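Asks: Structure incoming, see below.
What follows is calculated from the coordinates using simple rules that are stated; it is not laboratory data. Predicted model only: the values in this text are computed from it and were never measured. Ideal geometry is used to build each Cβ from the backbone, glycine not excepted, and the neighbour counts take in all protein chains shown.
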Amino acid sequence: MTERIRHDGIVVVGAGLAGLTAALAAAPARVLVLTEAPLNAGCSSAWAQGGMAAALSPDDAPELHAADTVAAGAGLVNAAMARLLAEEGPAAVRALADLGAPFDRTESGAFAQSLEAAHGKARVARVKGDQAGRAIMEAVSVAVLAAPHVQVRTGAKLTGLLQEESGRIRGVLALIDGRPVEITARAVVLATGGVGGLYAITTTPAELKGEGLGLAALAGARIADPEFVQFHPTAIDIARDPAPLATEALRGEGAVLVNADGERFMDRYHPAGELAPRDVVARAIHAEREAGRGAFLDAREAAGKHFPDEFPTVFAACLSGGVDPRKQPIPVTPACHYHMGGIATDADGATSLPGLFAAGECASTGVHGANRLASNSLLEAAVFGARAGRAAATQNDAKGPFTAVTAAELPPVALQALREAMSRDAGVIRDAAGLTRLLDLIDALEAAHGRSAPLVAARLVAACALARRESRGGHFRADFPGRAEPVRTVVTLPALERPGLRFAAE
């Protein structure tokens, strides 16, 4: 029997930085946070290494940060959103520091900041080199647990959305400790993370399979730019799932990319070398590996004997795979790292469905365009998470009848087949033949197992990648290597399901 709860407030699904920031910002409205994993587990925020980008130094400015964000996004960044992110970014970082996030400081007490790829300034605030995500999440989690207006329920898996005939979202269905629960609320904030678990090689928690994105699409929400997936160039290639990450800060500190012969190769691909945009570096490493030359990150001079102290997370990961980065180069491979696309939202996290908000990686604000600028993800989660929480808290209750939008479960064997196909056919290099093969597999899996949220999310990525007949940012088509007009994709799920449809980005 399904338990029914009427929650007089908002429901936040997901406990990464976006979700918890939304919960804190919604005060004094009552907030129920639902998370399948314990706090600080199962979310990409806690795994983030690089830090938070923000114009915090006297020689930097939000306008410069916004300009770098727009440039990295390869023509598809919403410039107004980039300005908002950059302008509110410094206050967001300081607010996290006030909560107890132990950002590295200079001797004068200022934020110590690192240079990362495609930034014109050293503006990435970090914690102990590579521990920003976990340290920030620990501080925010303590604040959430202490907040009288927030209740956190762990062991809660999202299984559906409650929706009126008008389209308004009224609440969620969830399995809480294995029991079905129907929760009505004034508004729902989805902060369910990205799609890394749809790929066989990923740096994100495998639990993140695009399920919030898939359920929102099934409910009719507009989806923006789902084809744009960022592949981090330097996942550590030691046969672990998920793959550990060698933070971009290492290259910012002077680490270089070499092949098996010890030859530096990035200058052959981009004048900025190791600090080229992530999509360029990822394709360069992919090309070197495909050519049989291998790819390695050599940090022996950049970090050397200081590696254990300056980058302890990377150091421990390397040692676990039998690599001592003080003495040998680190084997690296591109891996699914971040989804630029997602549920389309405005500046306050509102989706196209009344009562439904989204924030963090499952949302698409337009701030990342075709290629996210390094260390803008935690910043976006904090800035737009807070905006979504405040906006959701202003929603009025509704009392009309509703039905449940649900999805089937995808068995583990089928999920693994999907993951392997996504890495092969919707990965760093794509073409029509591979994407068509992938869509055929998705059709077959749906026919066999029903429509699941991960399959819906995968379809969005694959179908929109097939429709975008150009190469831009994280989306590279071997059969269409040039660029077309810079137009964002905005679709709803029914648009992907009309037989024979070949839609254009709109």
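Asks: Mind jotting down the three principal axis lengths of the chain based on Cα atoms? Whole angstrom, largest first.
Replies: Sorted from largest, the Cα extents of the chain read 66, 56, 41 Å.
Asks: Measure off 7 Å from each Cα along the Cα-to-Cβ vector at R240 and E290, then give the distance between these two points in nanometres to one decimal.
Replies: Calculated label separation equals 2.8 nm.
Asks: Moving on. Give me the extension gain from R424 to A495: residue separation times 0.36 nm, minus the current Cα-Cα distance, reported in nm with one decimal. Can you show the working numbers first?
Replies: Numbers: separation 71, 0.36 × 71 = 25.56 nm, distance 2.50 nm.
Taking R424 through A495 to full extension adds about 23.1 nm, to one decimal.
Asks: What does the convex hull of the Cα atoms of the range 236-334 come to per residue, in Å³, rounded to a whole number?
Replies: Numbers: hull volume 9.1 nm³, N = 99.
Given the Cα convex hull of the range 236-334, per-residue volume reads 92 Å³.
Asks: Further, regarding this structure: Of the peptides 261-270, 168-177, 19-28, how do they stack up when ordered by the mean number of other Cβ atoms within 10 Å, highest first?
Replies: Working: 261-270: 14.0, 168-177: 20.7, 19-28: 25.6.
For the peptides 261-270, 168-177, 19-28, the packing ranking is 19-28, 168-177, 261-270.
Asks: Please check which bits of the range 205-242 a label hung off E485 would reach, taking the label as a point 7 Å along Cα-to-C-beta and the cut-off as backbone N under 18 Å.
Replies: 225
Asks: Which order, highest average first, do 291-299, 79-87, 478-486, 40-48 follow once you tally other Cβ atoms within 10 Å for each residue and take the mean per peptide? Kindly include the intermediate steps, with their values, before the conclusion.
Replies: Details: 291-299: 18.4, 79-87: 20.9, 478-486: 12.0, 40-48: 23.9.
Averaged packing, sorted descending, gives the order 40-48, 79-87, 291-299, 478-486.
Asks: Rg and Dmax of the range 118-224, using alpha carbons, in Å: what are they?
Replies: 17.4, 51
Asks: Order these peptides, 194-200, 317-323, 435-441, 382-388, by their mean beta-carbon neighbour count within 10 angstrom, highest first.
Replies: Numbers: 194-200: 26.9, 317-323: 16.3, 435-441: 18.0, 382-388: 29.3.
Per-residue mean Cβ counts within 10 Å order the peptides as 382-388, 194-200, 435-441, 317-323.
Asks: Can you tally the lysine pairs in the chain where the Cα-Cα distance is under 30 Å and the two residues are eight or more apart, or on different chains?
Replies: 7
Asks: Right, here's the next one. How are the Cα pair distances of the range 145-291 distributed, in percent, across 10 Å bins from 0?
Replies: 9, 28, 25, 18, 14, 5, 0
Asks: Continuing with this model, one more query. Give the Rg (one decimal place) followed by the Dmax (whole number) of the range 385-506, computed from C-alpha coordinates and expressed in Å.
Replies: In Å, with Rg to one decimal and Dmax whole: 17.5, 52.
Asks: In the neighborhood of S364, defined by Cβ-to-Cβ distances under 12 Å, what is the net charge if each Lys or Arg adds +1 and each Asp or Glu adds -1? Write down the numbers at each step before the final one.
Replies: Working: positive: R222, R372, R488; negative: D225, E227, D346, E361, E380.
For residues surrounding S364, the net value is -2.
Asks: Quick one, what does Rg over Rh come out to for the range 1-85 if you take C-alpha atoms and the Kirkwood Rh?
Replies: Rg divided by Rh gives 1.11.
Asks: Another question about this same structure. Give, in nm to one decimal, the length gained when the segment between R390 and H306 is fully stretched (0.36 nm per residue of separation minus the Cα-Cα distance).
Replies: Numbers: separation 84, 0.36 × 84 = 30.24 nm, distance 4.31 nm.
Extra length from R390 to H306 when fully extended: 25.9 nm.
Asks: For the range 279-285, in order, what is each residue's ³J(HN,Hα) by Karplus, 6.51 cos²θ - 1.76 cosθ + 1.60 with θ = phi - 60°, in whole Hz (x at glycine and Pro)?
Replies: 5, 5, 5, 4, 5, 5, 5
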